[in-house]
Amino acid sequence: MPAPAVYLDWNATTPLDAAVREAMLPWLSERFGNASSNHAFGRYARAALYEARSRVAAAVGAHPTEVIFTSGGSEANNLFLKGAAVCLPPGRLAVSAIEHPCVLEPARQLARQGWTLTEIGARADGTIDPEHFRAALAARPAIVSVMAANNETGVLQALAALAAEARAVGAWFHSDAVQAFGKVALDFRALGLSALTLSAHKIGGPLGAGALVLDKRLELAPLIAGGGQERGLRAGTENIAALVGFGVAAERAMQRREKDAARLTALRDGLQARVTALGATVFAPESARLPNTLYFAFPGINGDALAGRLDAMGFACGSGSACSSARSGASHVLAAMGVAPDLARGALRVSTGYGTCAEDIAAFVGALMNSIAELGSLTAVSAR
Amino acid sequence: MKLPIYLDYSATTPVDPRVAQAMIPWLAEKFGNPASRSHAFGWEADAAVEAARENVAALIGAEAREIVWTSGATESDNLAIKGAAHFYQDKGRHIVTVKTEHKAVLDTVRELEREGFEATYLDVRENGIVDLDVFRAALKPGTSVASVMLVNNEIGVIQPVAEMGAICREKGVIFHVDAAQATGKIGIDLKNLSVDLMSLSAHKTYGPKGIGALYVRRKPRVRLEAQMHGGGHERGMRSGTLATHQIVGMGEAFRLAREEMATETPRVRALRDRLLAGIQGIDATYVNGDMEQRVAHNLNVSFAYVEGESLMMAIKDIAVSSGSACTSASLEPSYVLRALGRDDELAHSSIRFTLGRFSTEEEIDYAVQLLRAKVGKLRELSPLWEMVQEGIDLNTVRWVAR
Amino acid sequence: MTYSSKVLDHYENPRNVGSFAQDEEGVATGMVGAPACGDVMKLQIKVGKDGVIEDARFKTYGCGSAIASSSLVTEWVKGKTLDEALTIKNAQIAEELALPPVKIHCSVLAEDAIRAAVADYKKKYTGE
């Protein structure tokens, strides 16, 4: 296995920021106390937890008491949907059809338990269908969830407007912002959200830490009971090292966001022009997207094969099936956008981050040209 | 000797420096998401996760594919009990557990009661151990799940889970064991135990916080309803991106536990016994829980007529925990000690000492000396001690409680 | 639990610890709380012929805040008449010691101890 050289799969996970690692290490060493302990070791841990909570809250314009730490984005999404469902009489819920499986699957689980689920469709440009959204709201759902930015296409949804419409019918409006956090501005209060899901490892923080930001007027039931941590909403000894890392990562992501956004948008647009010229179909090219994400396919070339070929040449990126879910198969996101299955099977996602430079992209284009030439001729041969 | 001295290893343990070393590459250049299947970063992380799974399984005599990663023992307890109770609810809706279980089990069972399940909370004998006849009698035709901890977190007593497992198997009841406090402390061999589900924690065994596991038996196969849905990780039983560095840490911690338990346990036991001998020199002290069926590192003592929290404050150079709960909203003392039939005053007067890998003789001697001095000082301040010295039986006093 | 500097001061250097002989002239005792609740306070006052509290003693079984609250009231009651002593309220004790909400009950108990001691005095010496 050659040493992977260029990492272009930042939407899957990001390298740990060196400053975040430095902040975490004492908590894997001499600062090892349990935050529930009533002695000096415990007090240090509690103080660190408070600081981490304040930093995460500040990054999204929420109050620290509104931040419920979890083991990650999946848990936060599950906590919101199932925790809200326990506190409400079974009714309707609506989630977009392009959500991550950790929103779609809990929603489908609730549907098996007596809730009526509407999956809101998407348009070809990757945004959710406004007419379908309004029709879903007309049925008076208690819970609505629409992601801030899609993990595959990077397409941004008009959150503030959607939230306002949902609020008008009395629904709790939640947004999975795991991909948007750190890449675009998010203000919990200004967006008018009921709840927001965040994750540390997509912003230069560690794996194993996430948060549900929850409007303090709302009540949820815990997903994990026993011990009373996180205001009774999430039991279990707090993972101090990871949460400290999360706090620092959130703060740093805010500090560099605007500068990164401009630079990564330029890199992405340059790459988009190159792949288009090479004959690729770019998904949602006209839509407002995350600065770092480009999703495309070469007709007739399988995305898994292309990603594998690129990996062998030292470029790590995500194929459509790999970033869609743990199961193989074509992307449910592209299906919802009406992309033909044949083209969808070719999907390749390039996602960059603060560590990506212009040379990386230039080298990637070279490798891509080489790969499509090779795979294209193979396809041509096998098709004969 | 560095102060404060840590004698609270059952609350959490330091991460062993060797464990931290093993984790660090996964916090640096090896940062892939183990679910990324399209490149080497992901494969490398996935291989590390699977190697760790082997190490965790090996400590408890299980197979790697019987290990499901979770965020910790609390989540494991929730997944095991709710997951099994929901999956097997057609068989029955009665759960059996014990009054001295950890809150992660008790609160989970209470949640099931709110959903309409029936629950029985068994008493323990005054040594903290469940009577097997009482356990057997509690299992009814409608009992689907029984949950009993292997080692109690407060008093360190070991429950007879081998015998209980046999009874459960005979009666067709799914048997869950919370072993968070047991790994690396006593030998566990699931090949010879009729245990269906077992909760494990890393941070009580010199691994990192935020990672645990649930053992789910394959033969005979035990099924669960997932509590966290999503990408279908962990064979659909627990979705969510796996935290590679934490998993690697847990694997290394469990590997070290397996290698070192045989030499570590006698050393820790000798220190614990030295602490016990020192404390027994103080008047009116009582050990809580059985001293034979008990892990080597735990000592729980009531210092009569001295309130636990004020004692903790007086001995702040040693970090311990107290059965008194004067800090919590309820003013009730430890429910574990009350379940032993200890009166409330003794429960309020209890201190838990838990020793571990980095405890030294010098630390123990310092602790004993400090305890002798401070217990004496607080008794000078104690009206109860004064009354007892005057020959008054405290049980005959009419207290003016609010 | 993080204690205020005043709690720590009273806890580490408790004022007026001890007991008066029960039969000493002018001595009255208030004992409140219960072992089962984790705190028992014994407050003794010694009242002069002029009706002013000359001296006070305490012993307390309880947490650091309970010990500090009772230590503080022994200082506060000295030099006060019985009626003046009864004006001491738990909120003042809690404020002086900067007690957190979970410790307010300690200051309540200290106020109760004053009331109990005064009541004992009145019962013993004035037949009320």
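Quick check: anything in segment A:265-279 over 30 Å from A:Glu119 (Cα atoms) and not in a helix (DSSP H, G or I)? Yes, that holds for at least one residue. For segment A:225-234, a tally of residues being within 7 Å of chain B (Cβ to nearest Cβ) and crowded, with 24+ Cβ neighbours inside 10 Å returns 2. Restricting to segment B:232-258, name every residue that is under 21 Å from B:Pro25 (Cα atoms), of a type outside the set (Asp, Glu) and more than 10 Å from chain A (Cβ to nearest Cβ). Scanning segment B:232-258 gives B:Val248, B:Met250, B:Gly251, B:Ala253, B:Phe254, B:Arg255, B:Leu256.
B:Thr205 - would you say it is within 14 Å of chain A (Cβ to nearest Cβ), β-branched (Val, Ile, Thr) and either within 30 Å of B:Thr354 (Cα to Cα) or in contact with a helix residue (DSSP H, G or I) (Cβ under 9 Å, 6 or more places away or on another chain) (or both)? Yes, satisfied. If you go through segment A:138-148 and pick out every residue that is over 14 Å from A:Leu191 (Cα atoms) and either basic (Lys, Arg) or out of contact with any helix residue (DSSP H, G or I) (no Cβ under 6 Å at 6 or more places or on another chain) (or both), you end up with 5. Please tell me if A:Ala35 is of a type in the set (Gly, Ala, Ser), more than 7 Å from chain B (Cβ to nearest Cβ), in contact (Cβ under 8 Å) with a residue 40 or more places away in the chain and not in a loop (DSSP other than H, G, I, E, B). Against the criterion (of a type in the set (Gly, Ala, Ser), more than 7 Å from chain B (Cβ to nearest Cβ), in contact (Cβ under 8 Å) with a residue 40 or more places away in the chain and not in a loop (DSSP other than H, G, I, E, B)), A:Ala35 does not qualify. Here B:Ser199 meets the list (1) surrounded by fewer than 21 Cβ atoms within 10 Å (Cβ to Cβ); (2) under 26 Å from B:Met291 (Cβ atoms); (3) not acidic (Asp, Glu) almost entirely, failing just condition (1). The set of residues in segment A:84-109 being more than 10 Å from chain B (Cβ to nearest Cβ) and surrounded by fewer than 24 Cβ atoms within 10 Å (Cβ to Cβ) consists of A:Ala84, A:Ala85, A:Cys87, A:Leu88, A:Pro89, A:Pro90, A:Gly91, A:Arg92, A:Ala97.
The condition (being in contact with a Cys (Cβ under 6 Å, 6 or more places away or on another chain) and within 29 Å of A:Ala76 (Cα to Cα)) is satisfied by just one residue among B:Gly240, B:Gly230, B:Gly212: B:Gly230. Candidates A:Arg112, A:Arg123, A:Arg134: the one that is surrounded by fewer than 24 Cβ atoms within 10 Å (Cβ to Cβ) and within 14 Å of another protein chain (Cβ to nearest Cβ) is A:Arg112.
Checking each residue in segment A:30-43 for being over 16 Å from A:Ala242 (Cβ atoms) and touching a Gly at 6+ places or on another chain (Cβ under 9 Å) picks out A:Ser36, A:His39, A:Ala40, A:Phe41, A:Gly42, A:Arg43. Annotation note: Cβ proximity below 9 Å between a residue of segment B:10-24 that is within 27 Å of B:His102 (Cα to Cα) and more than 8 Å from chain A (Cβ to nearest Cβ) and a residue that is buried (at least 24 other Cβ atoms within 10 Å of the Cβ) and among the aromatic types (Phe, Trp, Tyr) (sequence gap 6+ or interchain) occurs for B:Asp16/B:Tyr206; B:Val19/B:Tyr206.
The criterion of at least 2 residues that are in contact (Cβ under 8 Å) with a residue 24 or more places away in the chain, in contact with a Gly (Cβ under 6 Å, 6 or more places away or on another chain) and away from chain A (no Cβ under 11 Å) is met by the following helices (runs of 4 or more DSSP H) wholly inside segment B:34-127: B:40-59. Does at least one position in segment A:45-61 carry a residue that is within 11 Å of chain B (Cβ to nearest Cβ) and of a type outside the set (A, V, I, L, M, F, W, C)? Looking through segment A:45-61, none of the residues is within 11 Å of chain B (Cβ to nearest Cβ) and of a type outside the set (A, V, I, L, M, F, W, C). Each residue in segment B:343-394 was checked for being outside any helix (DSSP H, G or I) and in contact (Cβ under 8 Å) with a residue 60 or more places away in the chain, and 11 of them qualify.
From the list A:Ala250, A:Ala190, A:Ala195, A:Ala180, the one residue that fits, being in contact with an Asp or Glu (Cβ under 8 Å, 6 or more places away or on another chain) and farther than 25 Å from B:Lys82 by Cα, is A:Ala195.
Checking B:Asp317, B:Asp344 one by one, the residue that is of a type outside the set (S, T, N, Q), within 22 Å of A:Asn38 (Cα to Cα), more than 19 Å from the chain's Cα centre (by Cα) and more than 14 Å from chain A (Cβ to nearest Cβ) is B:Asp344 and no other. Taking segment A:206-219 as the search range and keeping residues that are surrounded by fewer than 24 Cβ atoms within 10 Å (Cβ to Cβ) and of a type outside the set (Asp, Glu), which one is farthest from the other protein chains (Cβ to nearest Cβ)? My answer is A:Arg217. Screening B:Val148 on (1) out of contact with any strand residue (DSSP E or B) (no Cβ under 6 Å at 6 or more places or on another chain); (2) without any contact (Cβ under 8 Å) to a residue 60 or more places away in the chain shows it passes everything except condition (1). The numbered conditions (1) modelled with pLDDT under 95; (2) within 11 Å of chain B (Cβ to nearest Cβ); (3) within 17 Å of A:Gly126 (Cα to Cα); (4) in contact with a helix residue (DSSP H, G or I) (Cβ under 6 Å, 6 or more places away or on another chain) are all true for A:Cys323 except (4).
Conditions tested, residue by residue: (1) buried (at least 18 other Cβ atoms within 10 Å of the Cβ); (2) within 21 Å of the chain's Cα centre (by Cα); (3) within 14 Å of chain B (Cβ to nearest Cβ); (4) free of Cβ contacts under 8 Å to residues at least 12 places away in the same chain.
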| position | (1), (2), (3), (4) |
| --- | --- |
| A:Glu238 | yes, no, yes, no |
| A:Ala241 | yes, no, yes, no |
| A:Gln255 | no, yes, no, yes |
| A:Phe283 | yes, yes, no, no |
| A:Leu290 | yes, yes, no, no |
| A:Phe296 | yes, yes, no, no |
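The condition (being touching a strand residue (DSSP E or B) at 6+ places or on another chain (Cβ under 6 Å), at pLDDT below 95 and surrounded by 17 or more Cβ atoms within 10 Å (Cβ to Cβ)) is satisfied by just one residue among B:Ser334, B:Ser349: B:Ser349.
The values are calculated or read from the model by the stated rules, or taken from the named source; none is laboratory data. Computed from a predicted structure; not experimentally measured. Glycine gets a Cβ as well: all are built from the backbone with ideal geometry, and neighbour counts include every protein chain shown.
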